[in-house]
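A.B. asks: Encoded as structure tokens, here's the structure I'll be asking about.
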Amino acid sequence: MADGLYGNSAEFLDAVDACVGVTALVAIPGESRCWRLRPQSEDQTYRYPGQERSKRVVAGAEQKPTTVAALAVSLPGFELVSTPGLRRDQGAYCV
């Protein structure tokens, strides 16, 4: 289980993703985009000031991502609740 600082760290999330068979819970902002199932991806190369680089991108015209907030409320048993000290748009999702 990790808080929002780790949830915003690409390096941390990649490390968690590499741990096959491990379940992790990480806080991430509700406006983050995601897919219900991992989309197909491919490496794309490009040139950046004289260097060839690559990055992983979503392949083809896959289904559009949704927000984490929209995905959470679509799951059975999840609801948006008010958390003391947070703005209305910063509600917490809980089971």
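The values are calculated or read from the model by the stated rules, or taken from the named source; none is laboratory data. Because the structure is predicted, anything quoted here is derived from the model rather than measured. Every residue, glycine among them, receives a Cβ derived from its backbone with ideal geometry; neighbour counts consider all protein chains shown.
A.B. asks: Taking region 27-41, which residues are surrounded by 11 or more Cβ atoms within 10 Å (Cβ to Cβ) and not small (Gly, Ala, Ser)?
C.D. replies: Matches in region 27-41: 28, 29, 33, 34, 35, 36, 39.
A.B. asks: Could you go through region 45-56 and let me know if any residue there is under 20 Å from residue 71 (Cα atoms) and surrounded by fewer than 11 Cβ atoms within 10 Å (Cβ to Cβ).
C.D. replies: The answer is no; no qualifying residue exists.
A.B. asks: Please go through region 33-82 and give me each residue that is at pLDDT 85 or above, over 22 Å from residue 8 (Cβ atoms) and assigned to a strand (DSSP E or B), ordered by number.
C.D. replies: 42, 43, 44, 45, 46, 47, 48, 51, 52, 53, 54 - these are the residues of region 33-82 that are at pLDDT 85 or above, over 22 Å from residue 8 (Cβ atoms) and assigned to a strand (DSSP E or B).
A.B. asks: Something else: Return the pair list, or none, for Cβ contacts closer than 6 Å from residues in region 45-73 that are under 22 Å from residue 31 (Cβ atoms) to residues that are among the hydroxyl-bearing types (Ser, Thr, Tyr), at least 6 apart or on different chains.
C.D. replies: Within 6 Å, the pairs are 56/41; 58/41; 68/32; 72/93.
A.B. asks: Condition (residue is in contact with an Asp or Glu (Cβ under 9 Å, 6 or more places away or on another chain), exposed (fewer than 10 other Cβ atoms within 10 Å of the Cβ) and at positive phi) applied to region 8-26: is it met by at least one residue?
C.D. replies: For region 8-26, residues in contact with an Asp or Glu (Cβ under 9 Å, 6 or more places away or on another chain), exposed (fewer than 10 other Cβ atoms within 10 Å of the Cβ) and at positive phi: absent.
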